[in-house]
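**Q** Encoded as structure tokens, here's the structure I'll be asking about.
A short reminder: the numbers here are calculations on the coordinates, not readings from a lab. Treat the numbers as computed from the prediction; the structure is a model and nothing was measured. Please note: Cβ atoms are built from the backbone with ideal geometry, for glycine as well, and neighbour counts cover all protein chains shown.
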Amino acid sequence: MILFPAIDLYEGHVVRLRRGDYGSLIDYGDDPVAQALAFAKTGCSWLHVVDLEGARAGEPRHLHLLPALVETGLSIQYGGGLRSGDALVAALRAGATRVMAGSLLVKNFDIASRLFERWGETIVAAVDIKEGKIAFGGWLEESDQKPEAFVDRLRKAGARYFLVTAVERDGTGLGPDLALYRSLLAAYPGIAVIAAGGISSIDDLIALHRAGLAGAVTGRALYEGTFDIAKALEELRKPC
């Protein structure tokens, strides 16, 4: 299982939200590249980057930082404001290894098959769940689609990688929604699920690893020193 340290960006700063609330933004500094280097030095191989400002505005605002982030040696999983095919391509050309599509797939599902046929596993389907519904538009809007049905539609359209975020747990340290992830993997065993939301301890990561998750995203716990990244990576190298 891959550990994805998270860098959320707003006006060039590294920030975190609590439960998707922009009013609860916590600022962790104005040097995302230095933060990425710190993660790389601990042994991480990937970096999860979310352009929160872009997600709110509807178009990416931090693509200019991608080349410098790539220079750290980390593979970049990037999302936020990528609401068109052109925006996805722009992020890939700027250096992202994978790009996350969420609002684009919710609002323009008809293009999903073409996107996955063209880009395959380079595109991660972002499924954000808030109060049992699909959230999109920077978590400011909700769809009536049931999460399980949406995942199934995306799977049939060609998606394999899914970033599934429990929005109500995001930034809270309450632990991951294991029941949700186990349910999805049991229903659709061929998909690869990356968990996000509430992950705050090595025990959380071990539980997700044992449940068969492909990856786990954590941010606030790392910035506040809740657990040691190097020790976490060591645990994740062990067989389930």
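**Q** Are there trypsin sites (Lys or Arg not before Pro) in segment 165-240 that DSSP puts in a loop and that have at most 13 other Cβ atoms within 10 Å, and which ones?
**A** Passing both the DSSP loop test and the Cβ count: ARG237.
**Q** Given H placed 1.01 Å from N in the peptide plane, which residues other than close sequence neighbours of GLN145 have an amide H under 5 Å from its amide H?
**A** Sorted by chain and number, the residues that satisfy this are ILE134.
**Q** Hey, what number do you get for the chain at 222 nm if only DSSP H runs of n ≥ 4 count, each worth -39500 (n - 2.57), divided across all residues, to the nearest 500?
**A** Calculated mean residue ellipticity at 222 nm is -9500 deg cm²/dmol.
**Q** Going from the alpha-carbon gyration tensor of segment 1-133, what semi-axes, largest first and in whole Å, does one get by taking the root of 5 times each eigenvalue?
**A** With the √(5λ) rule applied to segment 1-133, the semi-axes are 23, 18, 14 Å.
**Q** Whole percent per 5 Å bin, from 0 to the bin with the longest distance: what is P(r) over all C-alpha pairs of segment 103-240?
**A** For segment 103-240, the pair-distance distribution reads 2, 10, 20, 21, 20, 14, 9, 4, 1.
**Q** Ok, one more. With 10 angstrom as the radius, rank GLU168, GLU131 by how many other C-beta atoms surround their C-beta, starting from the fewest.
**A** GLU131, GLU168
**Q** Residue by residue through segment 113-130, which ³J(HN,Hα) values in whole Hz follow from phi under the Karplus form 6.51 cos²θ - 1.76 cosθ + 1.60 (θ = phi - 60°), with glycine and proline marked x?
**A** Rounded to whole hertz, the list is 4, 5, 4, 6, 5, 7, 10, x, 6, 5, 9, 9, 7, 8, 10, 9, 10, 9.
**Q** Next question. For GLY81, enumerate residues with amide H under 5 Å from its amide H, sequence gap 5+ or separate chain, H modeled in the peptide plane.
**A** Counting only residues 5 or more places away or on other chains, the set is ALA55.
**Q** Please rank HIS13, HIS62, HIS209, HIS48, fewest neighbouring Cβ atoms within 10 Å first, as an exposure proxy.
**A** Starting with the residue having the fewest Cβ neighbours, the order is HIS13, HIS209, HIS62, HIS48.
**Q** Tell me, ILE111, ILE191 in order of fewest to most beta-carbon neighbours within 10 Å?
**A** With the fewest neighbours first, ILE111, ILE191 line up as ILE111, ILE191.
**Q** Here's another thing I want to ask about it. Contour minus end-to-end for ARG93 and GLU235, with contour as 0.36 nm per residue of separation and end-to-end as the Cα-Cα distance?
**A** That pair, ARG93 and GLU235, stretches by 47.7 nm at full extension.
**Q** May I pose another question? Keeping to pairs on different chains or 8 or more places apart, tell me how many lysine pairs in segment 2-236 have Cα atoms under 24 Å apart.
**A** 10
**Q** Given Cβ point charges of +1 (Lys, Arg) and -1 (Asp, Glu) and nothing else, what value in debye, to the nearest 20, does the dipole of the chain about its Cα centre take?
**A** The calculation lands at about 720 debye.
**Q** Ok, one more. Using a Förster radius of 22 Å, what is the FRET efficiency between ASP144 and ALA179 based on their Cβ-Cβ separation? Nearest 0.05, please.
**A** Efficiency for this residue pair is about 0.50.
**Q** Connecting C-alpha atoms closer than 10 Å in a GNM of the chain, tell me which of ALA57, ALA149, ALA126 has the biggest fluctuation.
**A** Between ALA57, ALA149, ALA126, it is ALA149 that shows the largest mean-square fluctuation.
**Q** Find the centroid of the Cα atoms in segment 138-196 and in segment 197-235, then give the distance between the two in whole Å.
**A** 18
**Q** Continuing with this model, one more query. Just to verify a number: FRET efficiency for ASP30 and GLU121, C-beta to C-beta distance, R0 = 30 Å, to 0.05?
**A** The pair ASP30/GLU121 has a calculated efficiency of 0.35.
**Q** Continuing with the same structure: So what is log10(I(q)/I(0)) for the chain at q = 0.08, 0.12, 0.13, 0.15 1/Å, when the Debye sum runs over its Cα atoms only?
**A** -0.25, -0.60, -0.71, -0.99
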